[in-house]
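Take a look at the structure set out below.
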Amino acid sequence: MNDALYRECRLCPRNCGVDRVAGRRGVCQETAVCRVASATAHFGEEPSFTGTRGSGTLFFSGCSSRCFFCQNHQISLGESGDALTPDELLETARGLVAKGVHNLNFVSPDHFWPHVEWLCRRLREEGVALPFLFNTSGYQKPERVADYAAVIDIFLPDFKFADASLAQLCMRDARYPEMAMEALTKMVALKGFLFPWDPEGRETAARGVLVRHLVLPGCVENSLSVVRLLHREFGPELPLSIMSQFRPMPGCREHGMLERPVSEAEYEQVTDLVAELGFAQVYIQPGSGSDDFLPDFDEDEPFEGNRNRA
Ligand code: SF4
């Protein structure tokens, strides 16, 4: 594995320039030792990815976005995760493949990209033909997308903020809307829209892009702007997942905002606009989502919904 990119790390827009091989940490809080908080056949993604056998999901520890409300705060902002050598990472991925999952799903892979790229290439050399999925906050360096696309089949980016001031408040980078849009444009240009589109998951996705947006309580205007922006840039064929599952996390109290779930009325305002603009390939979350997929990374299997499938 080539760890040169960790030496003066500029893998993400934070541009820390720290030597992670020497054990230094930048904003993502991770050294060059890969840490994984969970590797599981996961049923909490959209049916296009979970199908009937689950999405082979590797949750990487740390995050470069560090939104204070992160629903995976134990791993993105906390300490959860086990250090894995590259060979152990490979073995872990092989274990997921052996379970018959529909894809390998790398969650927050940006800051461990040298490991993930190496892993993808090794698995392909071994004949693993499953789609590889890049599951991300949307906070990317646009110039890195081509590298990702060389080994990745499916991009699953969030588009969190159209409102730069909200991005500044939540993740301390007002550049998010601009950077996320530039990266997303490259993802779509290189991979197209998610294909095949089967919202029931009988035929799982093989390639392309689906954009997620998590509606935040009291921030409907941001969500409406996201939807309008995506429509303007990509038209109504862009596959979307509009999520209602937000739950207040410990950081919300500390920041004195986002301290409640999203109301049905707020969520409906967003989905009404999605319908009005003619988006046809859309995942909508009934109610306010299920707590079955609210993770507890202190458990061996963090998701109750996955434990129930075992
Ligand atoms: S990956 Fe981590 S250390 Fe590297 S630039 Fe991003 S936040 Fe900084």
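The values are calculated or read from the model by the stated rules, or taken from the named source; none is laboratory data. What you see is a predicted model; the values in this text were computed from it and never measured. Using ideal geometry, Cβ is built from the backbone for each residue, glycine included, and neighbour counts are taken over all protein chains shown. Surface areas here come from the heavy atoms of the whole protein model, side chains and all, with no ligands, DNA or RNA. Shrake-Rupley method; radii C 1.70, N 1.55, O 1.52, S 1.80 Å.
Compare E203, E117, E233 in a GNM of the chain, Cα atoms joined below 10 Å, and give the one with the largest fluctuation.
Among E203, E117, E233, the largest mean-square fluctuation in the Gaussian network model of the chain belongs to E233.
For K99, list the lysines whose Cα falls under 29 Å from its own Cα; do not include residues on the same chain fewer than 8 positions away.
Within the straight-line limit of under 29 Å, K99 reaches these lysines: K191.
So if the hydrodynamic radius of segment 4-307 is defined as the Kirkwood radius over C-alpha pairs, what does Stokes-Einstein give as its diffusion coefficient at 25 °C and 0.890 mPa s, in µm² per second? Provide the component values of the computation, followed by the final result.
Working: Rh = 19.3 Å.
Diffusion coefficient, whole number: 127 µm²/s.
Please turn the phi angles of segment 138-148 into ³J(HN,Hα) values with the Karplus equation 6.51 cos²θ - 1.76 cosθ + 1.60 (θ = phi - 60°), one per residue in order, whole Hz, x for glycine and proline.
x, 8, 10, 7, x, 6, 8, 4, 4, 4, 4
For segment 77-142, report the translational diffusion coefficient in µm²/s to the nearest whole number, using Stokes-Einstein at 25 °C, 0.890 mPa s, and a Kirkwood Rh over Cα pairs.
Values: Rh = 12.9 Å.
Value of D from the Cα-based Kirkwood radius: 190 µm²/s.
Tell me the GluC sites (Glu not before Pro) within segment 16-98 that lie in a loop according to DSSP and have at most 16 other beta-carbon atoms within 10 Å.
Numbers: sites: E30, E45, E79, E88, E91; in loops: E30, E45, E79.
Passing sites in segment 16-98 are E79.
Can you give me the distance in nm between label points at A129 and E233, each placed 7 Å from the Cα along the Cα-to-Cβ direction?
3.4
If ligands, DNA and RNA are left out, what is the accessible area of Y283 with a 1.4 Å probe, given in Å² to the nearest 10?
Approximately 20 Å² of Y283 is accessible to the 1.4 Å probe.
Excluding residues on the same chain fewer than 8 positions from K186, give the lysines whose Cα lies under 19 Å from its Cα.
Partners found: K141, K160.
Take the alpha-carbon centre of segment 1-76, take the same for segment 158-225, and report the distance between them in whole Å.
Here the answer is 18 Å between Cα centres.
Please compute the length gained on full extension between R172 and E276, using 0.36 nm multiplied by the number of residues separating them and subtracting their Cα-Cα distance. Write down the numbers at each step before the final one.
Numbers: separation 104, 0.36 × 104 = 37.44 nm, distance 3.26 nm.
Extra length from R172 to E276 when fully extended: 34.2 nm.
How big is the dipole moment of the chain about its Cα centre under a simple scheme where the beta carbon of each Lys and Arg is +1, that of each Asp and Glu is -1, and everything else is neutral? Debye, nearest 20, please.
Numbers: 31 positive and 44 negative charges, 160 e Å.
Dipole of the chain, to the nearest 20 debye: 760 debye.
Amide H neighbours of G81 under 5 Å, at least 5 residues apart or on other chains, H built in the peptide plane: list them.
none
Taking θ = phi - 60°, what integer Hz values does the Karplus form 6.51 cos²θ - 1.76 cosθ + 1.60 yield along segment 236-244, in sequence order, with x for Gly and Pro?
Computed from phi, the couplings for segment 236-244 are x, 7, 4, x, 10, 10, 9, 9, 10 Hz.
May I ask you to derive the FRET efficiency for E182 and R25 from their Cβ-Cβ distance with R0 = 30 Å, giving the value to the nearest 0.05?
Values: r = 27 Å, r/R0 = 0.89.
That gives a FRET efficiency of 0.65.
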